[in-house]
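Working notes, beginning with the structure itself.
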Amino acid sequence: MKSSRLVCVSMLLALSAGPVGAQTAESLDFLTGLSDFRELRKMLPAYLDGLAMAKLDERARTIAQISTPEQVAARRAYLRERMLKDLGGLPERTPLNARTVAVLERDGYKVEKVIFESQPRLYVTANLYLPKNGRPPYPAVLFPLGHEAGAKAHSAWQYMLITLAKRGYVALAWDPVGQGERVQLWDADIEDSKVLRSTTEHTIATTECLLAGQNLARYTIWDGMRALDYLLSRPEVDSARVACTGNSGGGTHTAYLSALDDRIKVAAPSCYITSWRRLLLTIGPQDGEQCIPPWLNDGLDHADFIYAFAPKPFLILSAIRDFFPIVGARGSFEEAKRIYDVLGAPEKLSMFEADDGHGYSKPRRQAAYRWFGRWLKGAEDPEPEAPVELETEEMLNCTPTGQVATSLGGETVFSLNAREVEREKKARVKPAELPERVRQLTGFHPSTGPLNVRHYGVIARSGYRIEKLTYESEPGILAPSLLFVPEGAGGPRPAVLYANGRGKSAGAADIERFVKAGLIVLAIDVRGTGETRFSNEEQGSDFPRFFGDYNSAMKALLVGKTLVGMRAEDIWRGVDLLSTQAGVDREKIYGVGHGGAAVPMLHAAVLDPRLKQVALDGVLTSYEAVTASKIHRGVFESVVPGALKAYDLPELVATLAPRPVWITSAVDPLGHTIGARELQKQYAGVAGRPRLGVQPDFGTGN
């Protein structure tokens, strides 16, 4: 990280002689026109990467101590315990109610179109490939799918599933939630998902699940375990000879399922296994169900999936030119080799690399056939893959309309998660216990070190001055700030700590109103906003439209923190700074949070009694509103995992009583401002009678 001299330089060209309200957003930024402004933009990602690398270094020291089979078993137990806890546990095992709705008779094999219920009325559409040659019971292959279009009908999957059936395996593939016939956000008008991409749909569902203390992977893993239940219920299957393989998202779930379910005897994930160190240095976190917070804080990495499976046969299938870094895959393989040596089974761990890109390409499929033959049939299968006749997606569909939503209805991840939230409401913590619970859930631990304030000059205005400064919220995190000080004496003045989700520059009109009323105002960029915002273009996907700075928000969750908690820490430290300013009445320090900074401001106020009044503008109506809606935008940065087990946002407002709270406006989960009547409804019965729909009158000191 470069010195603050590079990130908070003179505004002489940025500020004109007009009043604050006349300034453009850009003109209040420190970095206007500077060539190296990108350094500050990278501050938050670099900080989070540093925390993650420290966690991974600590893990490496732990792994280096493993030298006995007993220690390997303890590591396996640790992974399973942490993984299940982080998922939010697994659902109850209920009747599958499986039925075959049609059969496709083909040369050498047949395909049964199957529907089962992984949870009551949560329908799963699947294709079961059965051999016509040989004698049962056959070895079996569980085949979780990746994110490719067509779901279970994707061409690469069909090549492998048909080949397996012709070679004497029973193979089962099923549509993951959000894909194929199981789109959760089905839109009848466009005849597709409302958000089009399955990874976007997965992460929208993850957002809601996290608020409830779960993860979307809880549902996708359980679908896989119930698919295995179904597979093993078939008389054609030899339960002692079961493998699992899949590519990309299917490779992810091969790793998940193999680590958690002892019934799987052979594993071969394709285009997934790498290392978190390399992921962080390259593409960063993937979509929601491929990240299980707080994974890195728990000291876990990709190789731990292999430890949990050892010493059973495990084949890493990799692509040299994959976006899952090959260097990470090689590192995890070398790390796991030592564990297989400890267990006396070095021959049961292998790695195959193909010089190609992401996908279950033919070279990797051939490697899988050889591996399965060796461990499920007693001899490697070197036979080349023969051409196959592919089916259309419509031919493989299990429902009349091609969608569970329109053919069967039933539950969705969204409906089940909302029901879980409703059940948990009765167990929320008592008001007196809420601040400590907020502290725990948000990971709030403000620094107590020096603020290291640096000043960058003063701009004189008619009736006030603007001081340009930064303070160090904690080592590695600078908060670019503007201190507005009215002219004139007359004793200590009230002060406002102002934070706006679009940065300090976006609140010019509000700031001018406070300054003209005689208040001192400290406007700050909480980390990841304003001048410290990581640009959307650098994230390289459509995620910013729905999730904002997803990379930083997910990295924070993975290392056991939240953006809400860290931004609340920046606000706390801003109050520290205001408290040291001459002319500030320490008993009259108020907080204003706007837009994306409103939820952090609310959390900060719960934890910091020095904020005597709080105003929230454009605050999210509630976390429960998110779980009650199917689609939302701009919420992910405000997620506190497990919050709805302890509190919702209106309950935080109630906790502030008798301190005055002003809620100027609120927005729904899509970011639309709600009307006055709906605002009144949201806060009906909330203790402390928050002032709704009106501007705060801090100047009176009320």
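Here are the numbers:
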item	result
Condition check for Ala523: under 30 Å from Trp276 (Cα atoms) and buried (at least 22 other Cβ atoms within 10 Å of the Cβ)	no
Condition check for Gly518: at positive phi and crowded, with 19+ Cβ neighbours inside 10 Å	no
Whichever residue in segment 637-670 is among the charged types (D, E, K, R) and open to solvent by 40 Å² or more (accessible area, probe 1.4 Å) and, among such residues, is farthest from the chain's Cα centre (by Cα)	Arg659
Close pairs from segment 265-285: first more than 21 Å from Phe352 (Cβ to Cβ) and at pLDDT 95 or above, partner of a type in the set (D, E, K, R) and open to solvent by 20 Å² or more (accessible area, probe 1.4 Å), Cβ under 6 Å, at least 6 apart	Leu280/Asp49
Index of the failed condition, Thr627 passing every other in (1) in contact (Cβ under 8 Å) with a residue 12 or more places away in the chain; (2) surrounded by fewer than 18 Cβ atoms within 10 Å (Cβ to Cβ)	(2)
Selection within segment 671-686 - open to solvent by 50 Å² or more (accessible area, probe 1.4 Å) and within 17 Å of His594 (Cα to Cα)	His672, Thr673
Filter pass, Ala54 being at pLDDT 95 or above, assigned to a helix (DSSP H, G or I), out of contact with any Leu (no Cβ under 8 Å at 6 or more places or on another chain) and under 23 Å from Lys337 (Cβ atoms)	no
Qualifying position, being modelled with pLDDT of 95 or more, in a helix (DSSP H, G or I), open to solvent by 10 Å² or more (accessible area, probe 1.4 Å) and among the acidic types (Asp, Glu), among Asp223, Asp238, Asp262, Asp229	Asp229
Answer residue from segment 311-332, given it is of a type in the set (A, V, I, L, M, F, W, C) and either assigned to a strand (DSSP E or B) or free of Cβ contacts under 8 Å to residues at least 40 places away in the same chain (or both) and is most open to solvent (accessible area, probe 1.4 Å) among those	Ile320
Test for Glu181: is it of a type in the set (D, E, K, R), open to solvent by less than 60 Å² (accessible area, probe 1.4 Å) and either at positive phi or in contact with a Gly (Cβ under 9 Å, 6 or more places away or on another chain) (or both)	yes
Enumeration of residues in segment 669-702 that are touching a Leu at 6+ places or on another chain (Cβ under 8 Å) and assigned to a loop (DSSP other than H, G, I, E, B)	Pro669, Tyr683, Gly688, Gly693
Residues of segment 405-442 that turn out to be of a type in the set (Val, Ile, Thr), touching a strand residue (DSSP E or B) at 6+ places or on another chain (Cβ under 9 Å) and either open to solvent by 40 Å² or more (accessible area, probe 1.4 Å) or over 30 Å from Asp189 (Cβ atoms) (or both), as a count	1
Any hit, segment 264-275, residues being within 27 Å of the chain's Cα centre (by Cα) and over 26 Å from His154 (Cα atoms)	yes
Gly357 vs. criteria in contact (Cβ under 8 Å) with a residue 12 or more places away in the chain, under 22 Å from Cys244 (Cα atoms) and open to solvent by less than 70 Å² (accessible area, probe 1.4 Å)	yes
Enumerated helices (runs of 4 or more DSSP H) restricted to segment 542-623, each holding at least 1 residues that are open to solvent by 10 Å² or more (accessible area, probe 1.4 Å) and closer than 27 Å to Glu420 by Cα	543-547, 550-558, 598-607
The one condition in (1) farther than 28 Å from Leu644 by Cβ; (2) touching a residue at least 60 places away in the same chain (Cβ under 8 Å); (3) open to solvent by less than 80 Å² (accessible area, probe 1.4 Å); (4) not β-branched (Val, Ile, Thr) that Glu58 fails to fulfil	(3)
Breaking point among (1) free of Cβ contacts under 8 Å to residues at least 60 places away in the same chain; (2) open to solvent by less than 70 Å² (accessible area, probe 1.4 Å); (3) part of a helix (DSSP H, G or I); (4) among the hydroxyl-bearing types (Ser, Thr, Tyr), for Tyr78	(2)
Number of the condition not met by Arg374 [criteria: (1) open to solvent by 30 Å² or more (accessible area, probe 1.4 Å); (2) more than 30 Å from Glu70 (Cα to Cα); (3) not hydroxyl-bearing (Ser, Thr, Tyr)]	(2)
Long-range neighbours under 8 Å by Cβ, at least six apart or interchain, first residue within 22 Å of Ala151 (Cα to Cα) and acidic (Asp, Glu) within segment 368-396, second open to solvent by less than 20 Å² (accessible area, probe 1.4 Å) and in a loop (DSSP other than H, G, I, E, B)	Glu393/Gly402; Glu394/Gly402
Among the residues listed as Gly491, Gly457, the single one being assigned to a strand (DSSP E or B) and modelled with pLDDT under 95	Gly457
Residue count for segment 192-218, restricted to those that are more than 11 Å from Phe414 (Cα to Cα) and either touching a Lys or Arg at 6+ places or on another chain (Cβ under 7 Å) or of a type in the set (Ser, Thr, Tyr) (or both)	6
Sole residue being in a helix (DSSP H, G or I) and either touching a residue at least 60 places away in the same chain (Cβ under 8 Å) or open to solvent by less than 20 Å² (accessible area, probe 1.4 Å) (or both), chosen from Glu148, Glu201	Glu201
Hey, Gly168 touching a residue at least 24 places away in the same chain (Cβ under 8 Å), open to solvent by 10 Å² or more (accessible area, probe 1.4 Å), more than 16 Å from Cys291 (Cα to Cα) and not in a helix (DSSP H, G or I) or not	yes
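The values are calculated or read from the model by the stated rules, or taken from the named source; none is laboratory data. The structure displayed is predicted, hence computed values, not measured ones. Every residue, glycine among them, receives a Cβ derived from its backbone with ideal geometry; neighbour counts consider all protein chains shown. Quick note on the areas: whole protein, heavy atoms, side chains included, nothing else; ligands and nucleic acids left out. Shrake-Rupley method; radii C 1.70, N 1.55, O 1.52, S 1.80 Å.
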